[in-house]
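Quick notes on the structure that follows.
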Amino acid sequence: MQELPSNYNYKETEDKIYALWEEAGAFKPVIDPNQKPYTIVIPPPNVTGSLHMGHALNNTIQDILIRRSRMRGVPTLWIPGTDHAGIATQNVVEKKLAKEGKTRQELGREEFTKEVWDWVDQYGNTIIGQLKKMGCSCDWSRQRFTMDEGYSEAVKVAFKNYYDKGYIYQGERVINWCTRCQTALSDIEVEHIDQNAKLYFFKYDKNFPITIATTRPETKLGDTGVAVNPKDKRYQDYIGKTFKVNFCGVDREIRVFADISIDITFGTGAVGVTPAHSLVDYEMAEKNGLDIIKVIDQYGKMTKEAGTEFEGLKATEAQAKVIEMLEKAGLMEKVEEIQNAISVCYRCNRPIEPQPSKQWFLKMSELAKPAIEAVKSGQIKFTPDRWTKVYLDWMENLRDWCISRQIWWGHTIPIEGETDVLDTWFSSALWPFATLGWPNKTEDLKYFYPTTTLSTARDIIYLWVARMIFSGLEFTNEIPFSQVYIHPTVFNKEGKRMSKSLGTGVDPLELIEKYGADATRFGLTYINTGIQDLKFDEEAIGAGKKFANKLWNITRFMLMSICHSGPDGSGTGIQENDNLDSRSGCQPVWNDKMEPRTEADKIILEKLNAVIKSTDKNLDEFKFGQAAHDLYDFVWHDLADVYIEESKVTANGHPEPKSGEGTPDFSVLLYVIVTSIKLLHPIMPFVTEEIWQKLYEDKLVDERMLITAKWPKAQE
RNA sequence: GGUCGCUUAGCUCAGUUGGUUAGAGCGCUUGCAUCACACGCAAGAGGUCACUGGUUCAAAUCCAGUAGCGACCACCA
């Protein structure tokens, strides 16, 4: 028997245990053709990324599911990997170049791309190392990257398939343009931020009969129409008429037309229509055959079309000038303060400048149908259930997807002469099957696909989850996964979004350093109720650390009691009628068929059975917080506070109950501890494995490692 | 504007299909170096379950409404 230190030391344990698992190949699934496998694909973090609290939570969740499945004897695969993250990565490398006084344009495309690859080679595995630190049991031999060779091939095949079917087309239309990133963006890559704005009321010129209202007067240089509500009595006489105006020195023809979408009560009820610089106006212009005049260019500067007075000015400068000219001419009627939403780029937060541009689109109408059906029919189930509606609402109102990007880092569109790359989400949409070898019919693909559970954050339901569903159905004729778990968002203590740049974030690696990976995992699981978003408080992690120590000391108590002399050198904790293993003479054994000898034994065994049941139920239903609570309560309050306290041996080494309710049976105690650490292993893999190793050394357990030990089964 | 979520102890949150004295973590009070653990043990204080009305023998729980907070979607220029 060994002497254990009185406190659990995670720093000396975690890396050692992780190495033990890796050396044993414990993360690789054992393929059994007769069994249905359990598969999770990791939401691939950006190669530029480093672990944040959202990752920590989500990967804890996945590791819990994976580890339990593995212990149940199911062939279990967790595929890891990273995403090339087009714009995000390009921006990171551009920033690095900027520090060296260089731009990507100076380098040229080929050199720049090489720079990015170098960057990826050097830093791309940072987050992978961090996942290992957390204890994630991914099969690293199957690690993928969305730009690795095979994956790039999959992207090409996917594109060609869509193209041949006529789903992909090129078209000139108004798209979301980021003047900083110099690329088109899809509708969902645009974020809306509320802001205070000024609403300017004016006429184009003295002869124009209608006053319009706008927050961006400079765009009005490109107006070719005014839209009013068909029911608006004020403007009936003008509908259908075209007026020649001179607006700030620029001659324009403005046609007044009716459109049902116009709000009579807002502004003057008349909207200046700028087809080139508003998606909505563009649609109205198409319906009504209005001219499209581009007055702002891709850099956010005024074009020649905007007139000689404005050409070359930045949009903000042009705005000031337009306002000044309108005021001088006495055309400005009033200015109101309003709240509106500004569109910004989701990657750089700069305002979006919508403009006409030739782009590639993926037609969504046909693809959306089966993806809607798969969820409606229950083949794919969202947890919590409320996300089903969010998904369906979006899928049923889809516009075509702009898939081309004018950046350099990504999959070049596989058409001769094309220099644009594909939206990074085009490739990540293929993740569940491309990681398994698609388009090749590999053994992995045949066996592990469709995957089982997808766990992810709610903010990528549209960007990623929805697109995996229709892509999976299109390319494999199967759903890519059957369960989607949407985890809560982790906010800081004040309920604000965690942000590195604002310094409002918490670094999970610091928590691991300070409390241990198990404590971090337990704390996050403990507060994950599944319903509410999390206001993260470090105290929960502290509780996790204490709990790991408690587990350690419960084991220590048992080991010190079994086959151990009392303090005065006499006696042992073992009693004559304990169930002893004949192999050594002092190893207690217990199995389900034995009858508990005392009331205390009976009670703890009943409670243990109840917690086995509740853990299975909770994890099946993705109630992670509840699972952690139940296990914590059982171990601390039932096992330690009651069972162990009441069965302590007295100072003379003779086993006597504290409260008279029977004597301790160490075979029962061992059984309860072993079962408890099995149940806790998915949440706290390191400390439980370390305890297991101690038990194994003392021949108290048979299986070599807890990670592959058999999951407990409840008795009916 | 639409949709959804939240409001329970000082703080962060649980509370399964409505059913005895509403729970946990952390914090707080008092006592304790007992040979598993002071990252601990024992005892304890602390709640009109946002508000209003309704259903019921019974409501934190179901229904309606009000207020506040939050998220997402949306073409309010």
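The values are calculated or read from the model by the stated rules, or taken from the named source; none is laboratory data. Remember, predicted model here, so these are calculated numbers, not experimental data. All Cβ positions, even for glycine, are placed from backbone atoms using ideal geometry, and neighbour counts span all protein chains on display. Just the protein is used for accessible areas: all its heavy atoms, side chains included, with ligands, DNA and RNA removed. Shrake-Rupley method; radii C 1.70, N 1.55, O 1.52, S 1.80 Å.
Just to confirm the number: angle between the C-alpha axis of helix A:149-164 and the first principal axis of chain A, 0 to 90 degrees, nearest 10? Helix A:149-164 sits roughly 50 degrees off the main axis of chain A. Any chance you could give the angle, 0 to 90 degrees and rounded to 10, that helix A:666-680 forms with the longest Cα principal axis of chain A? With both axes taken from Cα atoms, the answer is about 10 degrees. Summing charges over all other residues whose Cβ lies under 9 Å from the Cβ of residue A:545, with Lys and Arg as +1 and Asp and Glu as -1, gives +1. Peptides A:288-296, A:382-390 ranked from most to least packed by the mean count of surrounding Cβ atoms within 10 Å: A:288-296, A:382-390. At full extension, residue A:153 and residue A:9 could sit 47.1 nm farther apart than now, given 0.36 nm per residue minus the alpha carbon distance. Of all lysines in the structure, the ones whose alpha carbon falls short of 18 Å from that of residue A:363, not counting any fewer than 8 places away in one chain, are A:156, A:160, A:165. The calculated 222 nm mean residue ellipticity attributable to helices in chain A amounts to -11500 deg cm²/dmol, summing -39500 (n - 2.57) over DSSP H runs of n ≥ 4 and dividing by all residues. Axis angle, to the nearest 10 degrees, between helix A:539-561 and the longest C-alpha principal axis of chain A: 20 degrees. For region A:1-49, the Cα-based Rg and Dmax, in that order, read 17.5, 48 Å. With all protein chains in place and ligands, DNA and RNA left out, the 1.4 Å accessible area ranks A:681, A:192 as A:192, A:681, largest first.
Can you pull the Rg over Rh of chain A, Cα-only, Kirkwood? Using Cα coordinates only, the ratio equals 1.10.
Summarising the label geometry, the points placed 7 Å from Cα in the beta-carbon direction at residue A:418 and residue A:640 lie 6.0 nm from one another. When you restrict to C-alpha pairs under 8 Å that are six or more residues apart and normalise by the size of region A:1-121, the relative contact order lands at 28 percent. In terms of the Cα gyration tensor, with a ≥ b ≥ c the square roots of its eigenvalues, is region A:128-182 rounded because a/c is under 1.5, prolate because a/b exceeds b/c, or oblate? Cα axes put region A:128-182 in the oblate bin.
In chain A, Cα pairs under 8 Å separated by at least six residues give a relative contact order of 16 percent. Charge tally around residue A:623: other residues with Cβ under 12 Å, Lys/Arg +1 each, Asp/Glu -1 each, net -3.
The slack between residue A:702 and residue A:264, meaning 0.36 nm per residue of separation minus the straight C-alpha distance, is 149.8 nm.
Summarised as an ellipsoid, region A:448-492 has semi-axes of 23, 12, 5 Å, derived from the eigenvalues of the Cα gyration tensor scaled by 5 and square-rooted, with the largest first. Only Cα pairs under 8 Å and 6+ residues apart enter the sum, and on that basis the relative contact order of region A:661-709 stands at 29 percent.
Each residue, residue A:163 and residue A:336, gets one label point 7 Å from its Cα in the Cβ direction; the gap between the two is 5.0 nm.
Under 1.5 on a/c is rounded, so check that first for region A:196-255, then, if it is not, pick prolate when a/b is larger than b/c and oblate when it is not; a ≥ b ≥ c are the square roots of the alpha carbon gyration tensor eigenvalues. Oblate, because a/c is 1.5 or more while a/b does not exceed b/c.
Excluding same-chain neighbours fewer than eight residues apart, the aspartates and glutamates reachable from residue A:241 by a Cα-Cα span under 13 Å are A:253. By the rule of a C-alpha distance below 16 Å, with chain neighbours fewer than 8 residues away ignored, the lysines paired with residue A:334 are A:198, A:203, A:206. With the whole protein complex present, residue A:335 retains an accessible surface near 70 Å², based on a 1.4 Å probe. Using the Cα gyration tensor of region A:49-174, with a ≥ b ≥ c the square roots of its eigenvalues, what is the shape: rounded (a/c below 1.5), prolate (a/b larger than b/c) or oblate (neither)? Cα axes put region A:49-174 in the oblate bin. For the pair residue A:24 and residue A:123, the difference between a 0.36 nm per residue extended length and the Cα-Cα distance amounts to 32.9 nm. In region A:58-176, a dipole from Cβ-located charges (positive for Lys and Arg, negative for Asp and Glu) runs towards its positive end, and of A:58, A:103, A:126 it is A:58 whose Cα lies farthest in that direction. Computed from label points 7 Å out along Cα-Cβ, the spacing between residue A:497 and residue A:373 is 3.7 nm.
The separation of region A:170-245 from region A:453-477, counted between C-alpha centres, amounts to 35 Å. Convex hull of alpha carbon positions in region A:23-116: directionally averaged projected area 9.0 nm². In a Debye calculation with equal point scatterers on the alpha-carbon sites of region A:90-238 and no solvent, what is log10 I(q)/I(0) at q = 0.14 Å⁻¹? Computed log10 I(q)/I(0) values: -1.06.
For a paramagnetic label modelled at 7 Å from the Cα of residue A:715 toward its Cβ, which residues of region A:593-631 fall within the zone defined by backbone nitrogen distances under 17 Å? Counting backbone N atoms under 17 Å from the label point, the list is A:593-614.
Of the peptides A:92-100, A:194-202, A:139-147, the ranking by mean beta-carbon count within 10 Å, highest at the top, reads A:139-147, A:194-202, A:92-100. Overall shape of region A:212-360 was characterised from the C-alpha gyration tensor. The equivalent ellipsoid obtained from it has semi-axes of 23, 19, 17 Å, in decreasing order.
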